[in-house]
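Here's the structure, in structure tokens; my notes come after.
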Amino acid sequence: MSKKKDDKRIIFNSEKEMPLVAMSLGSMLYNKTGAWRNIKPVIDLSKCIKCGICWKFCPDTSIDIVDEWPQVNYDYCKGCGICAEECPEKCIVMVEEEK
Ligand code: SF4
Ligand code: SF4
């Protein structure tokens, strides 16, 4: 039987003791990350066949299905373009954000 390694956990008693690290200050409900985006998806619903592929592929779960139609949640969408790439009807286009 192998010998158990020593427990070498480092314990911080407060955030002031921690080294500089990126950390979330709360739930994603409060940290709206859509502002990181340079381009955004726009869906032409007149061409949409309600297949839900954009919803399924969005890595950020930023597409909601509302009354069977896809709707981008721009509070969280990062503009990666995967939805536009995967849409079989090519009804999602990526457009530049207005600054
Ligand atoms: S651009 Fe990316 S993050 Fe935004 S809705 Fe499409 S797949 Fe999701
Ligand atoms: S992938 Fe395209 S056709 Fe399918 S639901 Fe999304 S926008 Fe509509």
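Some observations on this one:
- Leading residue by the ranking (modelled with the lowest pLDDT) among those in the stretch 33-51 that are within 13 Å of ligand 1 (Cβ to nearest atom) and surrounded by 12 or more Cβ atoms within 10 Å (Cβ to Cβ): Thr33
- Residue tally, condition exposed (fewer than 12 other Cβ atoms within 10 Å of the Cβ) and in contact (Cβ under 8 Å) with a residue 60 or more places away in the chain, over the stretch 63-99: 0
The values are calculated or read from the model by the stated rules, or taken from the named source; none is laboratory data. Predicted model, so just to flag it, every value in this text is computed and none were measured. Neighbour counts run over all protein chains shown; Cβ positions are idealised from the backbone, glycine included.
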